[in-house]
Amino acid sequence: MAAIPIYTTSAMRKLEGLAGAASPTPTLMERAGAAAAEYARELCGDKTKDVLVVAGPGNNGGDAWVAAAHLSEGFHRVVVLDAGGGTPKATEARAAREGFASRGGKIAAQWPEGLNAALIVDGLLGVGLARDVEAPFSATIARMNAGAAPILAVDVPSGLDSASGAIRGIAVRATRTLTFLAHKVGLHTGDGIDCRGELELDDLGAGDEVMREAHGFLLTPESVASWLAPRPRNSHKGDFGSLAIIGGNRGMVGAALLAGRAGLACGAGKVRLGLLTPDPPAADFGQPELMLGSVDDALEFEVIVAGPGAGQSPSATSVSMFERSVLPALFASARPIVLDADALNAIAYNDALRRQLIDKRQAPTLLTPHPGEAARLLGRKTAEVQAHRLESALELAQRLHAHVVLKGAGSICAFPDGRWSVNTTGNPGLAAAGSGDVLAGMIGALLAQGLDPERALQYAVCLHGAAADACVARGIGPTGLTASAVIGEVAPLVNRWIAFGAGKS
């Protein structure tokens, strides 16, 4: 399956210009309004029902006026709340308003009390939103959300920052969103996933222009499934690499165990734990295939995951050794490394370590921060990272010369050359202890099997979310979903993906 492109707000502006110039008539607004009307008809069903269209002052409102005109021609009883409070700016929007009014369409300046709308079409605010929503638009959004009618958002839910997925004060909670030309970042990350409802795309006939201009793509199971090939029958464990997990300080051995178990489930040939605790267990009796040993033994393996459960206390001898000896040795090595959890905190708080990472590192480095860790690495607040998720991930990738996944709703993978992707799998069950350790182990396992770092990161992120989705589909979670349960879905799922990618299913 071809990759699905996704756009930033600034890139969307360029795409709009190219798509409009390539096919000037009908205009993009006319095409968008007609598409919104057709989708609204399908949602509403009965043509005799009332539809409330909320039209704002900008181009999004123009789309709404065109949609209202088309809906009124189809015998729907349409009321337009003219939240723009005047003549629309766009020529085609003005024509649609005049045509709607000439046919006796109802235009309201205030919220139409007593209207029993079967559907609300949200065309209040669009992708150009650059500040928090203020009155009277905030009150209009609150009224839309308070009603029982389903809401169809035109392009993006009003009040949602289409660039970041952040809510700008208040946002429409849409039942469905019909977005145009291409997917927007804010619809797939942060609060956008909750605000958008079910998502549909109409490219308005832009076709190949959308793919040519894209620098970011959506991660879906279909788009990554072919990246791992079926295994030959004549295989041995050495063909699938060796993975070491370094971490697991006193009281946190479980983090390293989870990462190691996930590495085995994801197909690494051999997995060894280099535990930092002074009193390590003799074996993992829940997963006896794991090898437990010293940090020195672990450093000899082909791929290293460092950080799960390593601890942060500067008074712990093992942690100071981790920062003083282990991390510098890794940074100077030619092995691919995945830095997770307390390895990230060590870099954030230790300028010398950060310089070693940037100056000495030649081999692939992969980072797995959650928003709080990303904020520490960037020297800013977590809220700032969440308000600029894509930009933060790209900045980390470029500053630290690393492949980065900024975890969260709609995890973002970013690469030093400026390319990026947004994951579409996963659910709130992953907001649980140990989930990040599992992901780190999966990334390491895919590196050990020979996937290039960019693909290993993206495949693991998509697979990790899909494994959590598989748990929920079986009735396990999202509430109460554990990292261990997610590991249990990894091997069955990755084998289905391999078969699908090879055309065997």
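Within region 374-390, the set of residues being open to solvent by 50 Å² or more (accessible area, probe 1.4 Å) and without any contact (Cβ under 8 Å) to a residue 40 or more places away in the chain comprises R376, G379, R380, K381, T382, A383, E384.
Against the condition open to solvent by 20 Å² or more (accessible area, probe 1.4 Å) and either in contact with a Phe, Trp or Tyr (Cβ under 8 Å, 6 or more places away or on another chain) or assigned to a loop (DSSP other than H, G, I, E, B) (or both), how does E209 come out, does it pass? Talk me through it step by step, then tell me what you get.
Working: open to solvent by 20 Å² or more (accessible area, probe 1.4 Å): yes; either in contact with a Phe, Trp or Tyr (Cβ under 8 Å, 6 or more places away or on another chain) or assigned to a loop (DSSP other than H, G, I, E, B) (or both): no.
For E209, the condition - open to solvent by 20 Å² or more (accessible area, probe 1.4 Å) and either in contact with a Phe, Trp or Tyr (Cβ under 8 Å, 6 or more places away or on another chain) or assigned to a loop (DSSP other than H, G, I, E, B) (or both) - is not met.
Taking into account only those residues within region 182-198 that are β-branched (V, I, T) and under 16 Å from T425 (Cβ atoms), which is nearest to the chain's Cα centre (by Cα)? Within region 182-198, the match that is nearest to the chain's Cα centre (by Cα) is T189.
Of the residues that make up region 123-137, is at least one under 18 Å from the mean Cα position of the chain (by Cα), within 19 Å of L43 (Cβ to Cβ) and part of a loop (DSSP other than H, G, I, E, B)? For region 123-137, residues under 18 Å from the mean Cα position of the chain (by Cα), within 19 Å of L43 (Cβ to Cβ) and part of a loop (DSSP other than H, G, I, E, B): absent.
When I245 is tested against (1) free of Cβ contacts under 8 Å to residues at least 12 places away in the same chain; (2) open to solvent by less than 20 Å² (accessible area, probe 1.4 Å); (3) of a type outside the set (S, T, N, Q), just one condition goes unmet, and that condition is (1).
Looking at L258, L204, which one is in contact with a helix residue (DSSP H, G or I) (Cβ under 6 Å, 6 or more places away or on another chain), at pLDDT 95 or above, crowded, with 21+ Cβ neighbours inside 10 Å and not aromatic (F, W, Y)? Don't jump to the end; show me each part of the working.
Details: L204 fails: at pLDDT 95 or above.
Answer to the check: L258.
Quick one: is I120 in a strand (DSSP E or B), of a type outside the set (G, A, S) and open to solvent by 40 Å² or more (accessible area, probe 1.4 Å)? Judged against the criteria, I120 is not a match.
Just checking, how many residues over region 74-92 are surrounded by fewer than 14 Cβ atoms within 10 Å (Cβ to Cβ), more than 21 Å from T140 (Cα to Cα) and out of contact with any Lys or Arg (no Cβ under 7 Å at 6 or more places or on another chain)? Working first, answer last.
First pass over region 74-92, keeping only residues surrounded by fewer than 14 Cβ atoms within 10 Å (Cβ to Cβ): 75, 85-87, 89, 91.
Still in the list and also more than 21 Å from T140 (Cα to Cα): 75, 91.
Retained after the next criterion (residues that are out of contact with any Lys or Arg (no Cβ under 7 Å at 6 or more places or on another chain)): 91.
Matching residues across region 74-92 total 1.
So how many residues does region 459-505 have that are assigned to a helix (DSSP H, G or I), open to solvent by 40 Å² or more (accessible area, probe 1.4 Å) and closer than 21 Å to S226 by Cα?
Residues of region 459-505 assigned to a helix (DSSP H, G or I): 459-473, 483-501.
From the residues that got through so far, the ones that are open to solvent by 40 Å² or more (accessible area, probe 1.4 Å) too are 469, 472-473, 484, 488, 492, 495-496, 500.
Narrowing further to those that are closer than 21 Å to S226 by Cα: 469, 492, 495-496, 500.
Count: 5.
Comparison of D63, D50 shows that the only residue that is within 15 Å of L178 (Cβ to Cβ), modelled with pLDDT of 90 or more and open to solvent by less than 60 Å² (accessible area, probe 1.4 Å) is D63. Among the residues of region 430-454, those that are open to solvent by less than 30 Å² (accessible area, probe 1.4 Å), under 22 Å from V253 (Cα atoms) and in a helix (DSSP H, G or I) comprise S435, G436, D437, V438, L439, A440, G441, M442, I443, G444, A445. Listed by first and then second residue, the pairs with beta-carbon distance under 6 Å, at least 6 apart or on different chains, first residue in region 75-96 and closer than 18 Å to E113 by Cα and at pLDDT 90 or above, second buried (at least 18 other Cβ atoms within 10 Å of the Cβ) and hydroxyl-bearing (S, T, Y), are V78/S72; A83/T140.
Mind listing whichever residues of region 240-271 are part of a helix (DSSP H, G or I) and among the hydrophobic types (A, V, I, L, M, F, W, C)? Answer for region 240-271, where residues must be part of a helix (DSSP H, G or I) and among the hydrophobic types (A, V, I, L, M, F, W, C): F240, V253, A255, A256, L257, L258, A259, A262, L264, A265.
Within region 358-373, restricting attention to residues that are in a helix (DSSP H, G or I) and more than 27 Å from the chain's Cα centre (by Cα), which residue is surrounded by the fewest Cβ atoms within 10 Å (Cβ to Cβ)? Result: D359. With respect to the stated conditions, L218 fails to be open to solvent by less than 40 Å² (accessible area, probe 1.4 Å), farther than 30 Å from T27 by Cα and in contact (Cβ under 8 Å) with a residue 12 or more places away in the chain. If you go through region 228-242 and keep only what is surrounded by 10 or more Cβ atoms within 10 Å (Cβ to Cβ) and among the polar types (S, T, N, Q), you end up with S235, S242.
The values are calculated or read from the model by the stated rules, or taken from the named source; none is laboratory data. Here the structure is a predicted model, which means the values were calculated and not measured. Every residue, glycine as well, gets a Cβ built from its backbone with ideal geometry; the counts of neighbours run over all protein chains shown. Surface accessibility is based on the protein's heavy atoms, side chains included, excluding ligands, DNA and RNA. Shrake-Rupley method; radii C 1.70, N 1.55, O 1.52, S 1.80 Å.
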